[in-house]
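> Pasting in a structure now, in structure tokens, and then I'll have a few things to ask.
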Amino acid sequence: MKVKVRFFARFRELLGTDVITEPAPGTSLADLIRQIAEKKREGYDAIFDKQGKFREFVIVMRNAKRVDAGVADTILIEDGDDIAVFPPVAGG
Amino acid sequence: MTLSQRERDRYARQILFFGEEGQEKLKRSHIFIAGAGGLGSPVAIYLAVAGIGKITLVDKDVVDQSNLNRQILHFDQDIGRKKIESAREKLERINPDITINAIAATIDESNADTLIADADGIVDAMDNFPTRYLLNTISQKKGIPLFHGAIRGMYGQATTILPGSTPCFACIFPRAPPAEVFPVVGVTPGIIGSIQATEVIKYLTGSGDLLTNRLFVWDGLAAKAEEIIVEKNPCCEVCCEIKPKRTRKKVKP
């Protein structure tokens, strides 16, 4: 099983650009992103809070469809998924 | 509202693009720009040169030296002046044929409705999410399109929100990112502000396809633009009850 995870903006700076990975069957969307993000503490902390939940402003997309980050633990990754993780910016 | 010969000359090259009818639509339009900073500067300049008949520009701040790397409406000699005074002077010099309504105020719940009045579009050139949520609420309530832009460093995002037909700002961003003193390189609001101004001009003249239902995401570091499809949140507290008021600017007789 092969999936692509794309980080945007600051998340890209911290965790790299397109990440192609081969998760174990039964991996949840949230766990997949945790596994990648854990490789860099600062990147993990930017996306997840201390309880390991997505920070509330983080936007998670799966195959161009918005995913409610609150239920990302219950969504299982499928072969060919294209995941995007995006931090909105606020400056002007 | 017909064009003078002077206006025909001034706008000749864009009249080639959207015709005198398009130019007349711009002339009788009123655009509200929230903020005269990094985004507000290019937005205001491009809308002024395009010949938007009336531009209302609101900002509470005074020009600071640290603004000058990006806020291109303000010059070194403007340090200490109110941004809206500096902005009005420049915009009137750029295009004396339009009306600049520059107001020094903090946009808040008590005045937003009155300040925005009967504008044909609201440009979000703010630097914080709480005011953006307020602009969104007014946009939805009045049925006025909201042209969103935001930046950080070399990253930016933009989308066009048409009340009743596209997701609202709160659908797309239900929660604000943390407030911070954000890093910024001036070219980034230049790019995003130009996209916002493009959207305003397209909307008013009925040109092309708007940046609706999509979030444009610019990564200047990677030199990549991508887009994220955005959808209405059926449980959105702001817009779920809103019925379409208008999806496209009607041509005024």
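Rule-based calculations on the coordinates, nothing more; no lab input. Because the structure is a prediction, the values reported are computed rather than measured. Cβ sites come from the backbone with ideal geometry, for glycine too, and all protein chains shown count toward neighbours.
> In whole Hz, what ³J(HN,Hα) sequence does the range B:64-74 give by Karplus (6.51, -1.76, 1.60; θ = phi - 60°), x for Gly and Pro?
These are the phi-based 3J(HN,Hα) values: 10, 4, 6, 7, 6, 6, 9, 8, 6, 7, 10 Hz.
> Something else: Can you give the three extents of the C-alpha atoms in chain B along their principal axes, from longest to shortest, in whole Å?
Between the extreme Cα coordinates on each principal axis of chain B lie 51, 45, 41 Å.
> In a shell of Cβ-Cβ distance under 15 Å around residue B:191, excluding residue B:191 itself, what net charge do Lys and Arg (+1) and Asp and Glu (-1) give?
-1
> Moving on to the next point. Restricting everything to alpha-carbon atoms, can you work out Rg to Rh for the range A:3-86 with a Kirkwood hydrodynamic radius?
0.91
> Oh, and also: What is the ratio of the Cα radius of gyration of the range B:1-83 to 2.2 N^0.38 Å, with N the residue count, to two decimals?
1.29
> Something else now. Per the Debye formula with a single identical scatterer at each Cα and no solvent contribution, what log10 I(q)/I(0) holds for the range B:83-142 at q = 0.13, 0.20 Å⁻¹?
Here the Debye-derived log intensity ratios amount to -0.40, -0.86.
> Now for a different question. Over the Cα atoms of the range B:126-234, what Rg and Dmax result, in angstrom?
That works out to 13.5, 38 Å for Rg and Dmax.
> Here is a follow-up. Could you tell me how far the Cα centroid of the range A:19-73 sits from the Cα centroid of the range B:157-234, in Å?
24
> Sticking with this one: Viscosity 1.306 mPa s, temperature 10 °C: give me the Stokes-Einstein translational D for the range B:117-182 in µm²/s, with Rh taken as the Kirkwood radius over C-alpha pairs.
130
> Continuing with this model, one more query. Lysine pairs in the range A:3-86 8 or more apart or on different chains: how many have alpha carbons under 19 angstrom apart?
Eligible lysine pairs with Cα atoms under 19 Å apart amount to 7.
> At most 14 other Cβ atoms within 10 Å plus a DSSP loop assignment makes a site exposed; report the longest stretch of chain B without any exposed GluC sites (Glu not before Pro).
Longest run free of exposed loop sites: B:1-108.
> Per residue of the range A:51-56, in order, report the coupling 6.51 cos²θ - 1.76 cosθ + 1.60 (Karplus, θ = phi - 60°) as ³J(HN,Hα) in whole Hz, putting x for Gly and Pro.
Whole-Hz 3J(HN,Hα) from phi for the range A:51-56: 7, x, 8, 4, 4, 5.
> Give or take rounding to whole Å, what are the principal axis extents of the alpha carbon atoms in the protein assembly as shown, in descending order?
Projected onto its principal axes, the Cα set of the protein assembly as shown covers 70, 43, 40 Å.
> What value, in deg cm²/dmol to 500, does the helix sum -39500 (n - 2.57) over DSSP H runs of n ≥ 4 give at 222 nm once divided by the residues of chain B?
So the calculated ellipticity at 222 nm is -10500 deg cm²/dmol.
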